[in-house]
Amino acid sequence: MDRTLKNCPAPAKLNLFLHVTGRRADGYHLLQSVFQLIDKGDVLHFTVRDDDVIHRSTELTGVPAESDLIVRAARLLQAEAKKQGKVAGAEISIEKNLPMGGGLGGGSSDAASTLLALNHLWQTGLTRSELMALGLQLGADVPFFLFGQNAFAEGIGEALVAVKTPESWFLVIEPGVSVPTQQIFSSTELTRDTKPVKISDFSGAQESFGKNDLQVVAANLFPPIADAIKWLQQYGDARMTGSGACVFCPFKEEQQVDAVLATVPLQWKAWKAKAITHHPLAYLLKS
Ligand SMILES: C[C@](O)(CO)[C@H](O)COP(=O)(O)OP(=O)(O)OC[C@H]1O[C@@H](n2ccc(N)nc2=O)[C@H](O)[C@@H]1O
Ligand SMILES: Nc1ncnc2c1ncn2[C@@H]1O[C@H](COP(=O)(O)OP(=O)(O)OP(=O)(O)O)[C@@H](O)[C@H]1O
């Protein structure tokens, strides 16, 4: 039985497009989006404890341990372990690389990797769909990371179908602001009536498909987002991911990204990432 899992990746996602098609009675929005995994993310380390303490050994500025999605994910799974009569505790440390409030799904991916790693270490044996149901309690983006591959998402983001996406490189700009997702979704400026599309519309598109309906709202509220989009649009179809703040542009070749990366104004942090097809921890659920 493994007692440690070190260097567990928690990859980021990009929303290749994000359409808001309606609103549920509880205020959550109906979306259509394609979620793309990329080879950049946070890194988590887990060690099983002999007691039932869940301890986060890394400080995360602005995120107390009890509200950290990592700790909350561990506690949800611990409750399942307890039902099985198990004593389940863990020591967890984090290398946080993704910006918070960046639209890259960092916190959600951390939570998903925690569920995958601890389900393995504690031998709780939950299935993928059981973990996805637990994850949805933590946030609309968590089920996607547990799904394990690029997906066309509907519902509030939890109804997922695997989709093939182009082999791409991305240039990502962090505009230096943190966007509260709830503020964007609750804006009176947000349009909520984009006409529903079919997966085949996305798959059959030769060029970049759709738009991000949250972008206009976020860019108006946070001018650095508008500035980053305007700058990156010189090189292609630049757009925002999720509710922002990060902005990305796809390229076919790595050399093209490198060339543009070298010219990004110093005011922004920018990096390149490659599209990946599967979640790097997906193997934990295969056996
Ligand atoms: C914008 C996206 O990142 C796109 O992938 C997600 O829809 C947001 O996912 P998330 O960060 O996991 O979001 P949650 O933590 O579940 O929700 C944050 C807030 O965003 C709003 N929210 C979120 C998802 C959704 N489909 N409709 C919403 O209206 C709700 O007001 C909610 O209070
Ligand atoms: N482990 C965590 N990592 C990052 N943020 C966390 C974590 N746990 C809780 N949070 C809280 O969640 C908020 C949103 O963080 P996150 O980085 O996931 O945003 P995001 O990338 O915009 O996500 P999304 O694309 O899902 O909207 C943070 O501002 C922070 O308060």
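The values are calculated or read from the model by the stated rules, or taken from the named source; none is laboratory data. Being a predicted model, the structure only gives us computed values, none of them experimental. Cβ sites come from the backbone with ideal geometry, for glycine too, and all protein chains shown count toward neighbours.
At-a-glance table
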| quantity | calculated |
| --- | --- |
| Elements of type strands (runs of 3 or more DSSP E) in the stretch 147-203, at least 2 residues being surrounded by 14 or more Cβ atoms within 10 Å (Cβ to Cβ) and out of contact with any strand residue (DSSP E or B) (no Cβ under 6 Å at 6 or more places or on another chain) | none |
| Residue among Phe248, Phe209 that is in a loop (DSSP other than H, G, I, E, B) and more than 13 Å from ligand 1 (Cβ to nearest atom) | Phe209 |
| Count of the stretch 22-61 residues which are away from ligand 2 (no atom under 13 Å from the Cβ), surrounded by fewer than 21 Cβ atoms within 10 Å (Cβ to Cβ) and of a type in the set (S, T, N, Q) | 2 |
| Failed condition for Glu174, given (1) within 11 Å of ligand 1 (Cβ to nearest atom); (2) of a type in the set (D, E, K, R); (3) outside the structural domain of Leu31 (by TED's automatic domain parsing) | (1) |
| Count - residues of the stretch 222-270 that are within 16 Å of ligand 2 (Cβ to nearest atom) and surrounded by fewer than 16 Cβ atoms within 10 Å (Cβ to Cβ) | 1 |
| One residue from Thr114, Thr124 being more than 15 Å from ligand 2 (Cβ to nearest atom), in contact with a helix residue (DSSP H, G or I) (Cβ under 7 Å, 6 or more places away or on another chain) and of a type in the set (Ser, Thr, Tyr) | Thr124 |
| Residue match in the stretch 208-231 (condition: at pLDDT below 95 and within 28 Å of Pro280 (Cα to Cα)) | yes |
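Table: residues versus (1) touching a residue at least 40 places away in the same chain (Cβ under 8 Å); (2) away from ligand 1 (no atom under 14 Å from the Cβ).
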position: Val34; (1), (2): yes, no
position: Phe46; (1), (2): yes, yes
position: Thr61; (1), (2): no, yes
position: Arg72; (1), (2): yes, no
position: Ala81; (1), (2): yes, yes
position: Gly85; (1), (2): no, yes
position: Ala90; (1), (2): yes, yes
